[in-house]
1. Averaged over every viewing direction, what's the projected area of the C-alpha convex hull for the stretch 7-255? Give it in nm², one decimal, please.
2. Calculate the dipole size of the chain relative to its Cα centre from +1 charges on Lys and Arg beta carbons and -1 charges on Asp and Glu beta carbons; express the result in debye to the nearest 20.
3. Calculate, in nm to one decimal, what Ala203 and Leu139 gain on full extension: separation in residues at 0.36 nm each, minus their alpha carbon distance.
4. Name the residue farthest towards the positive end of the dipole of the stretch 7-255 from the options Val155, Ala124, Pro248, assuming +1 on Cβ of Lys and Arg, -1 on Cβ of Asp and Glu, about the Cα centre.
5. Rounded to the nearest 500, what is the 222 nm mean residue ellipticity of the chain from helices alone, with -39500 (n - 2.57) per DSSP H run of 4+ residues and division by all residues?
6. Taking the inverse of the average 1/r across all pairs of different Cα atoms in the stretch 217-259, what Kirkwood radius in Å do you get?
7. Between the stretch 1-59 and the stretch 159-228, what is the C-alpha centre distance in whole Å?
8. Taking only C-alpha pairs under 8 Å that are 6+ residues apart, what is the relative contact order of the chain in percent?
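Values quoted throughout were computed directly from the atomic coordinates according to the rules given, and no laboratory measurement underlies them. Quick caveat: nothing in here was measured; it's all calculated off a predicted structure. Cβ: placed from backbone, ideal geometry, glycine included. Neighbour counts: every protein chain shown.
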Amino acid sequence: ADARTPLIAGNWKMNLDHQQGTVLVQKLDWTLRDGKHDFDQVEVAVIPPFTALRSVQTLIDGDKLKLKLGAQDLSQHDEGAYTGDIAGVFLRKLGCEYVVVGHSERREYHAETDEVVAAKVKAAYKNDLTPILCVGEKLETRKAGEQVEFVLAQVRAALDGLPATQAESIVIAYEPVWAIGTGEVATPADAQEVCGAIRGELASLYDQKLADGVRVLYGGSVKSGNVASIMAEQDVDGALVGGASIDPTEFATICRYKQ
Ligand code: PEP
């Protein structure tokens, strides 16, 4: 994992309006700087709702903050009659570097299929955004011991037809659905098993060099108390944090897991 710069990304989900969002970012930045956080050693991204992106971008740009900005979803289409959807080009113009694709809540509540997820990955690259591709099994799949094959099938489907020149920069987040927002965290060994298998799959789809450069994150009830043990695993290169990311003190402590 040391060869790759870790990424801690905070997915606010449908929390914080644009005013609350700017307050959080100010506190987060202040807490990290106060703790002499080295942003080159551990990259930190915030992923607000669409409505807060502009305010957070203004703050990041204006104060030259080192926080990266991401969005929670994008449309697979370029533009047009898709009421309520958000085009990748809009996100890029708002200074987003990352976009979450295929979060389990999108797959579940918006019926996003593997095909839609694959189209969104392509739309992200088309607009110069780095996808944070989410994959993960439900509890029944884990109980059946089929988590690795299930997740690898999701990875293959999402990367279908993606050239190596794009795949080399993807971020993949392994988020077991049973661990999201439940307080039920995967053991470090569970996280390593699937994250390692994802890297192995990238090596067989592309090559080992590409696989060695891709960051594979873990997500699911990450907190300040469990992040270090998960990050100690060889193939875990960061965390996608939901609930704990809207508490600036807790999120800053997660980001500073090395200290
Ligand atoms: C998530 O939604 O990506 C997530 C990991 O949520 P939580 O940290 O709340 O489990």
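1. Quarter of the Cα hull surface area: 12.5 nm².
2. 600
3. 20.3 nm
4. Pro248
5. The helix contribution divided over the chain gives -12500 deg cm²/dmol.
6. Result for the stretch 217-259 stands at 10.2 Å.
7. Their Cα centres are 21 Å away from one another.
8. Relative contact order comes out at 22 percent.
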